[in-house]
Structures are given as C-alpha cells and as structure tokens.
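One structure below.
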Amino acid sequence: MSDSAENLQSAEAPEANPVPAAAPVAEGLRPGTFFVCVLLVFLSDQLSKHWIVSHLYLGEVRPIFGNAFRLMLTHNTGGAWGLLPQGNTIFAGFAGVAALALVVAYMRVGRMELAVGSAFALALGGAIGNLLDRVRIGYVVDFFDARIINWPIFNVADSAITISILLLLVHFVRSPSAPPAEATIAPAPEAEAAHIETSSEEKPS
C-alpha cells in the first residue's frame, strides 16, 4: 500500500521546469561617464571655435590637405546647404528641444548600452555647443571645409552629431532580433488522471 501511495504522490507532483538563464546585460554607459562625455564634446567645440575666430578672419582659407580639406571661417545663421539662411531663431529652438529631449530620454532610460549612450552623449554635447552659438552671437561658427566630398562647412559639434547618428544606425542594424518565446503546452487533466491510474496499477500493494 505504501508503494502505491508513493507512486501516486510522485505522479501527482508536477515536474519542475528548468529556469532559463538570464540574458547577459550589456555593458552600459554610467551617468557620470555620460555627462563627462557631453562636457568634453561641448568644450572641444567651443575651444576649437575660439581658436578659429582668434586666428582667421571671416572668409579666410587655410589649406590643410591642399584644397581637399581646409579651414575656412564662416558664420552660419541657417542650416546646412543654405537651408533657411535667416532661420537662426528657428534652429535655436530645434536645438533646444533636441537637447532637452536627449536629457529626458537618458534620465528615463537610465544606464543605456554603450553604443546608444555614447551616441546620446555626442549628440547632446554637439546640440548644446551649436545652441550656445545661436543664442550668444546669433550664428554658428563653422570652419571645416571638406571640399573633397562637397560637404557643407561644419564644426566639431556637427561632427559629434553626425557620428552619433552613425553609431545609432550601426547599433540597430547589428542588434539581433529577440527570438520568439516558446509556447509551453500544459497536459490535459484527463491525461494526468490516466497517468496516475497506470502508475498505480504497475506496482500492486
């Protein structure tokens, strides 16, 4: 009788499903490191602009690699490729909203993955750098002239923003899609009862 009771208890006890191992957490960018990166981008942008303004007059050209890449001081009151040439106020508003959105997004998400956090830091530092120009002097100081690729004259802040966009694109392209969750099929009550009866009949008391 005791053997039948043990068999019945073992049959009724549900089989323990193995707990799947937690996925490894990607190394993230800590808040302190994030804001240090933002500050470095901002300072690099402002110091480079200060040096250019101190050493070049408006429109002066200083070749670096011949005419392929050179320095040329310009004042940009609009956007790239001559977009809204007198739209400094509009672009200042865009830059302010973008900077605020980046801060709010980072504070809400917290510790992001390294690539995403780095992209946010670069974009935020660049946005603040150009925003300060537009608010303080009414235009953005641009000086990098990459004529080899026929690109609009840009600055360190623009470079940081461009790199941030490329980082995000590479991250999302290379990120694997989450595998679909496997469905767990529970046994029917009739099947459980039949299993219990079969186990009890195999070893009579």
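Since every read-out is calculated from the coordinates, none of them should be taken as a lab result. Predicted, not measured: the structure shown is a model, and the values here were computed from it. In this analysis, Cβ positions are derived from the backbone assuming ideal geometry, glycine residues included, and neighbour counts consider all displayed protein chains.
Based on other C-beta atoms within 10 Å, arrange Leu56, Leu84 from fewest to most. In increasing order of surrounding Cβ atoms, one gets Leu84, Leu56. Taking the fewest neighbouring Cβ atoms within 10 Å as the starting point, the ordered list for Tyr106, Tyr57, Tyr139 is Tyr57, Tyr139, Tyr106. Working from label points 7 Å from Cα in the Cα-to-Cβ sense, the Leu83 to Ala146 distance is 1.7 nm. Label-to-label distance, Ala105 versus Glu60, with points set 7 angstrom from Cα along the beta-carbon direction: 3.9 nm. Sorting Val53, Val156 from the fewest to the most surrounding beta carbons within 10 angstrom yields Val53, Val156.
Applying 0.36 nm per residue to the separation of His75 and Phe35 and subtracting their alpha-carbon distance, the gain on full extension is 11.6 nm. Each residue of the stretch 126-135 is assigned a 3J(HN,Hα), and the resulting list reads x, 4, 5, x, 5, 5, 4, 4, 5, 6 Hz, derived from the Karplus form 6.51 cos²θ - 1.76 cosθ + 1.60 (θ = phi - 60°), x at Gly and Pro.
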